[in-house]
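Step one of this worksheet: look at the structure below.
Since every read-out is calculated from the coordinates, none of them should be taken as a lab result. The structure presented is a predicted model; accordingly, all values stated were derived computationally and were not measured. Using ideal geometry, Cβ is built from the backbone for each residue, glycine included, and neighbour counts are taken over all protein chains shown.
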Amino acid sequence: MHPRRPIIKVSPNFAAFLQASPLLVVLLAFFGIPLLMIIGVSFFDYDGTNMVPAFQWGNYVDLFESRVTLSLYLKTVEMALSVWAITLVVGFTVSYFLAFHVRSILWQMGLFLVCTVPFWTSNIIRMISWIPFLGRNGIFNQALMGLGVTREPLEFLLFSDFAVIVAYVHLFTLFMIVPIFNSMARIDRAVIEAARDGGSGGWRILWEIIVPLSKTGIALGSIFVIAMVMGDFYVVNTMSGGHSSSVALAMYNQIAAVQYPQAAASAVVLLGIVTLMVAAILRLVDVRRELAGH
């Protein structure tokens with residue numbers, strides 16, 4: 001008879017920690033350490049050509065004392081909110097149509113894939129494709145003049161804030177559609193049928209049943225869209241034609257000028273603003289509880 005080996009009991013908390021430890025290592029290596037480095041560099045000094053290791057608040061003081069910088073942050077937030085509102089309306093409408101007006105699952109999946117077709121190409125290609133469409137001699141202006149709607153080309157369509165918002169909506173609407181459609185697909189149709197049998201109209205069902213049960217998807221889509229708009233610079237640089245700017249674009253220009261401490265300070269402040277916006281969304285919707293409830 002072989003002696004029995006002692007059984008080592010592992011607590012559930014320690015077992016859960018072991019399971020999550022690989023992900024924790026990845027997060028620390030690729031997110032935590034780089035973030036700490038950016039925060040550290042934001043306190044460095046800059047002598048005009050090189051970074052000088054130090055601990056001083058000058059970069060943050062210059063940031064908050066500059067009216068230009070503050071107006072730039074305000075404009076970036078306004079642009080993010082505008083894109084969020086438009087993508088929310090479009091994403092909710094498309095998701096509602098797919099979830100409640102397309103009866104066949106096969107057709108739902110087929111139409112959903114059609115929504116994803118433009119995303120099979122590069123973001124840059126899809127963004128640049130708007131330039132010949134919205135340009136002074138572009139397709140849209142030519143169509144308006146051909147129909148007699150305008151006598152002259154509309155100048156505001158391209159290289160403006162309008163063009164930037166159009167490009168953002170085109171690029172990021174899918175990130176609003178996916179989570180909202182996923183939430184709507186989980187809604188029990190028996191609840192809606194019961195509401196109709198009880199005499200509720202379409203609008204009442206929409207506002208009192210569908211919207212509350214879709215709030216998890218709305219929250220997740222909002223987080224995706226706001227975070228991506230706040231952190232993007234290429235769309236603003238290209239579609240505005242240099243007539244507009246954002247915090248991310250200003251950071252890009254600072255990095256190009258080797259002003260790393262100032263860019264790092266801007267990045268920390270921008271991260272703080274995005275974190276507050278995401279926290280506000282999560283305060284309104286408890287995403288973890290909603291997902292666990294499903």
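Computed from phi, the 3J(HN,Hα) profile of region 202-211 under the Karplus parametrisation 6.51, -1.76, 1.60 (θ = phi - 60°) reads x, 5, 5, 4, 4, 7, 9, 10, 5, 4 Hz, with x in place of Gly and Pro. Of the DSSP H helices in the chain, those with a Cα length along their own long axis of 20 Å or more and a mean Kyte-Doolittle hydropathy reaching 0.0 comprise 12-27, 67-100, 215-231, 260-284.
The candidate values were (1) 23.0; (2) 21.4; (3) 19.6; the one computed from these coordinates for Kirkwood radius over Cα pairs in Å carries the label (1).
Put in line by how crowded their Cβ is, counting other Cβ atoms within 10 Å and starting with the fewest, HIS101, HIS170 read HIS101, HIS170. With contacts taken as Cα pairs under 8 Å at a separation of at least 6 residues, the chain carries a relative contact order of 25 percent.
The magnitude of the dipole of the chain, with charges of +1 and -1 set on the Cβ of Lys/Arg and Asp/Glu and taken from the Cα centre, is near 1120 debye. Packing here is the average count of other Cβ atoms within 10 Å per residue, and on that basis the peptides 143-152, 276-285, highest first, run 276-285, 143-152.
Taking amide H atoms as placed 1.01 Å from N in the peptide plane, the amide H of ASP45 lies under 5 Å from those of VAL52, ALA54, each 5 or more residues away in sequence or on another chain.
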